1. Please give the direction-averaged projected area of the C-alpha convex hull for region 39-119, in square nanometres with one decimal.
2. Can you sort K386, K253, K26 from fewest to most other Cβ atoms within 10 Å of each residue's own Cβ?
3. Counting Lys and Arg as +1 and Asp and Glu as -1, each charge on the Cβ, what is the dipole of the chain about the Cα centre in debye, to the nearest 20?
4. Given contacts defined as C-alpha pairs under 8 Å and at least six residues apart, what's the relative contact order of region 73-232, whole-number percent?
5. Based on alpha-carbon positions alone, could you give the equivalent ellipsoid semi-axes of region 354-394 from the gyration tensor, as √(5λ), descending, whole Å?
6. Taking only Cα atoms of the chain, what ratio of Rg to Rh do you get with Rh as the Kirkwood inverse-distance radius?
7. Given +1 on the Cβ of Lys and Arg, -1 on the Cβ of Asp and Glu, and no further charges, what dipole in debye does region 75-138 carry about its Cα centre, rounded to the nearest 20?
8. Can you give me the distance in nm between label points at L383 and E201, each placed 7 Å from the Cα along the Cα-to-Cβ direction?
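Every number in this text was worked out from the coordinates using simple rules, so none of it is lab data. Since we're looking at a predicted model, the values are computed, not measured. Here the Cβ positions follow ideal geometry from the backbone for every residue, glycine too, while neighbour counts run over all protein chains shown.
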Amino acid sequence: MAASRTIFVAGAGIGGLTAALALAAKGFRVVVLEKAARLEEAGAGLQLSPNASRVLVDLGLKPRLAARAVIPEAVSIMSARLGREIARLPLGEEASSRAGAPYWVVHRADLQAALVAQINDNPDIELRLGCQFEDLAPHARGLTVVGRSGTMRQPEVALALVGADGIWSTVRHHLFPQAQPQFSGLIAWRGTLEATQLPREHAARRVQLWMGPNAHLVAYPISGGRQINVVAVVPGTWNRPGWSAPGEVSEIKTTFASSPWPSAARMLIGAVDEWRKWALFTMPSGGEWTDGTVALLGDAAHAMLPFAAQGAGMAIEDAAVLANCLAETQNERGPTIAVAMQRYARLRRPRVSRVQRAARQQGRIYHLAGPAAYARDLAIRALGAKRMLARQDWIYDWRA
């Protein structure tokens, strides 16, 4: 590969794979380093609002995702205090048409598989499994990136390096060792079940959001509607790093067994036979994202709470903006790689910080109890579906 056109990407998650496709579309050759020997399912479902799906559609992913992603008809906001729906925000094909891109809910493994298939069809992208980023050294010709496969170290010259290797990023630790993830005090429990296990009204193509005291519950269809993804977020002290660990069924059932959680919410919890849990960590706002010809992307730069359903979306947006900025360097009078990296960070910081704040605020609202929960429910009903949905326009209407 010609070093003058080669960009390395560390990490083959959603952000890293999207970045590879976006960079290749701008004329770069891309090498993706992934320490896992094979790509396995991590997590379960994802919500991809139009700001994110628009990028994927532009990259040619729609035909690969059409059969697996689900366009939900609505988001049902449910009050545990009242035991029923208090607002229904319409989505569906009509909303997708207005936005110019779909609102998708999809299994993370299905999205990753679609991205990998698209990459495998692109001769300008090389995906190296079982090869992890180890070191880097800047020099006059660009950057030397060192990957390791087993005991073999392989140094190669590249234009730039993109650290898309998640919240426990090796690239970030190499550049900014003082930047450490912070435990939020919350734990996400995730599980899936077959849609046929639930009564029809609970297996409908909609996103259910149950708000309750100090916890909340989300459920939505994935895998073409054949499965239901269930996520419960509760406070706790368990904070082992990593994406998931086995969760005790009895523990999460006990959490939701007491009043005011209604029978419909407890049924969702009880229908899941196997749970995985992970502690929710975040990266503080205001940290460094770039150093010379190296940039961080997605969770490596700005891991956030999932309460705005924008973690994957922000990584996908990052990839599109980074590719646009780096494309400008191919012009003879364009900026240098380092300047393009700085511009990428400057463009992304305000929006990502706003989404991070929105996610924290949403979490506090979801978990209100007592009189505050009563006031919240009244406010949501008073706002109505149209105004509630309009409050998301600043997120959904974004374009690269």
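1. Numbers: hull surface 25.4 nm².
Averaging across all directions leaves 6.4 nm² for the Cα convex hull.
2. Placing the least packed residue first, the sequence is K386, K253, K26.
3. 960 debye
4. Rounded, it is 22 percent for region 73-232.
5. Computed over region 354-394, the values are 19, 16, 5 Å.
6. On the Cα set of the chain, Rg over Rh gives 0.98.
7. 620 debye
8. Result for the modelled spin labels: 2.5 nm.
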